[in-house]
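The structure appears right after this line, and notes come after that.
Throughout, read-outs are computed from the coordinates displayed, never taken from laboratory work. In this text, all values refer to a predicted model and were calculated from it rather than measured experimentally. Neighbour counts run over all protein chains shown; Cβ positions are idealised from the backbone, glycine included.
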Amino acid sequence: MLPDADDLPEALLDLAVPHEDINELVALRRTVTGDPGTLRLLEGCVEELLRDPEETGRTPDLGELLASAPATLNGLFAVYVFLAALPHTLAHHRERGIPPEVSRRTLADLGRHMAVYRRRHGRAGVQSRRWLVRHFRGELYQLGRLQFERARLGQRTAPVIAAAGLDAAPGTACLNLHIPDFHGPLTPSACDRSLALARDFFALHFPEEHAEAVLCHSWLLDPQLKRYLSAQSNIIRFQERFRVAREDTEPADTEPVQFVFGDPDLPVAQLPRRTSVERAVGDHLRAGGHWYIGHGWFPL
C-alpha cells in the first residue's frame, strides 16, 4: 500500500514534499508498517477518503481517525494516508483522461501545505489536512495560477445565479475557485489563462456536469480592500471579475492574517507593513475594523 523505503523519497518529491521533511518521513515509515493496528487505521482512512468518489461535496472529515494515530508519528500520519491513496487517485485521473502534468501539479499541493505548516510551526507537519482530501478524491485541480473544485450550488447561491438567467438550482454543478499561496502574483493574465484552461478541462474530462458558474468564497473579495489598494492592483482587478452572491455579517479577521502573514495568531499590533496588502490588512485591524469573507460568482 505504501512505497517501500527505497522508493519513498522519490514518491514524496513527486508530491513536492519539502526536502527537509523527507528523511523524517522515511524513518517514520516503519512505525506505520510495523504495527498492525496502525496499518488497519491507514486502510480505514484510505477507504473513507476514496468512498463515493463521484459524489462532490461529500468531503470526508478524517479528523478523528487521523487523531487516533500513534503520537510517535509526530502529526505526519496524514502524509502516509495520502501516499496510500495516491495510486487510486492517479488511476481515477487516467480513467478521466486527465493529463499527467495536471495530476502532478494538483497533488503537489501536499508539499505546499507542508511548507505552509513548517513556515508557521518550524517543524514537519501538514496544514489543512481535510482540505487536501479534495485533491486526492479527484474533486479539485490546479489549472495554471488557480485551483478549481467540482462542487454544487447551495440553497442561498442558486437563486441569485438563476435570477441572472443561468440554469441554476440547488444541486446544480458549479466550480469553486481557490487562490493558492506560493504561486506568484495574482495577475489578470494568469487568471485569464487559468479560466481558459478550466473551461476546456471540465468540458473535456467532466462533460456530464455542465458547470455554468464559478464561485469564490474568500477574504480577497471583501470590498473594503478598495479603500486601501489601487484600482489597478491585482487583487482589485480580481475582485472586479465577480458579482456578489451574498454578504457575510460575521467577521473573519484571522483569514487575511493567516494568508498574508502565515500565522492567524500573530498580534495585530506587531503585523509588518512592508507591502500594500500587509499595510491594508494590519492598518484596518489596528483601526478597529474587521475583515469579512466575500462571496462572489461569474458565468463560466
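Is it the case that some residue within the range 87-100 is closer than 13 Å to VAL133 by Cβ and touching a Cys at 6+ places or on another chain (Cβ under 8 Å)?
No, there is no match, as no residue in the range 87-100 is closer than 13 Å to VAL133 by Cβ and touching a Cys at 6+ places or on another chain (Cβ under 8 Å).
Considering only residues that are under 21 Å from the mean Cα position of the chain (by Cα), in a helix (DSSP H, G or I) and of a type in the set (A, V, I, L, M), look in the range 5-45 and name the one that is surrounded by the most Cβ atoms within 10 Å (Cβ to Cβ).
It comes out as LEU12.
Does GLU48 qualify as being surrounded by 13 or more Cβ atoms within 10 Å (Cβ to Cβ), part of a loop (DSSP other than H, G, I, E, B) and charged (D, E, K, R)? Explain how you work it out, then say what you get.
Numbers: surrounded by 13 or more Cβ atoms within 10 Å (Cβ to Cβ): yes; part of a loop (DSSP other than H, G, I, E, B): no; charged (D, E, K, R): yes.
Judged against the criteria, GLU48 is not a match.
Go through the range 252-275 and give me each residue that's closer than 30 Å to GLY154 by Cα and either of a type in the set (Phe, Trp, Tyr) or over 25 Å from the mean Cα position of the chain (by Cα) (or both).
First pass over the range 252-275, keeping only residues closer than 30 Å to GLY154 by Cα: 252-260, 264.
Scanning the range 252-275 gives a single hit, PHE259.
Condition (residue is assigned to a loop (DSSP other than H, G, I, E, B), among the aliphatic types (A, V, I, L, M) and surrounded by 12 or more Cβ atoms within 10 Å (Cβ to Cβ)) applied to the range 267-275: is it met by at least one residue?
If we filter the range 267-275 for residues that are assigned to a loop (DSSP other than H, G, I, E, B), which is where we start, we get 267, 271-275.
Imposing the further condition that a residue be among the aliphatic types (A, V, I, L, M) reduces the set to 271.
Next, from what is left, pick out any that are surrounded by 12 or more Cβ atoms within 10 Å (Cβ to Cβ): 271.
Checking the range 267-275: at least one residue is assigned to a loop (DSSP other than H, G, I, E, B), among the aliphatic types (A, V, I, L, M) and surrounded by 12 or more Cβ atoms within 10 Å (Cβ to Cβ).
Would you confirm, using the coordinates I've provided, whether ILE98 is touching a helix residue (DSSP H, G or I) at 6+ places or on another chain (Cβ under 9 Å) and outside any helix (DSSP H, G or I)? It would help to see each step written out before you state the result.
Numbers: touching a helix residue (DSSP H, G or I) at 6+ places or on another chain (Cβ under 9 Å): yes; outside any helix (DSSP H, G or I): yes.
Against the criterion (touching a helix residue (DSSP H, G or I) at 6+ places or on another chain (Cβ under 9 Å) and outside any helix (DSSP H, G or I)), ILE98 qualifies.
For residues that are within 18 Å of ASP248 (Cβ to Cβ) and within 25 Å of the chain's Cα centre (by Cα), scanning just the range 276-295, find the one that is surrounded by the fewest Cβ atoms within 10 Å (Cβ to Cβ). Steps first, please.
Kept after step one, since they are within 18 Å of ASP248 (Cβ to Cβ), are these residues of the range 276-295: 281, 284-285, 289-295.
This time we only want the ones that are within 25 Å of the chain's Cα centre (by Cα), so: 281, 290-295.
Numbers: VAL281: 26, HIS290: 12, TRP291: 21, TYR292: 19, ILE293: 19, GLY294: 23, HIS295: 19.
Top of the filtered list is HIS290.
Looking at the range 93-144, which of its residues are surrounded by fewer than 17 Cβ atoms within 10 Å (Cβ to Cβ), free of Cβ contacts under 8 Å to residues at least 12 places away in the same chain and of a type in the set (Phe, Trp, Tyr)?
Those that are surrounded by fewer than 17 Cβ atoms within 10 Å (Cβ to Cβ), free of Cβ contacts under 8 Å to residues at least 12 places away in the same chain and of a type in the set (Phe, Trp, Tyr): none in the range 93-144.
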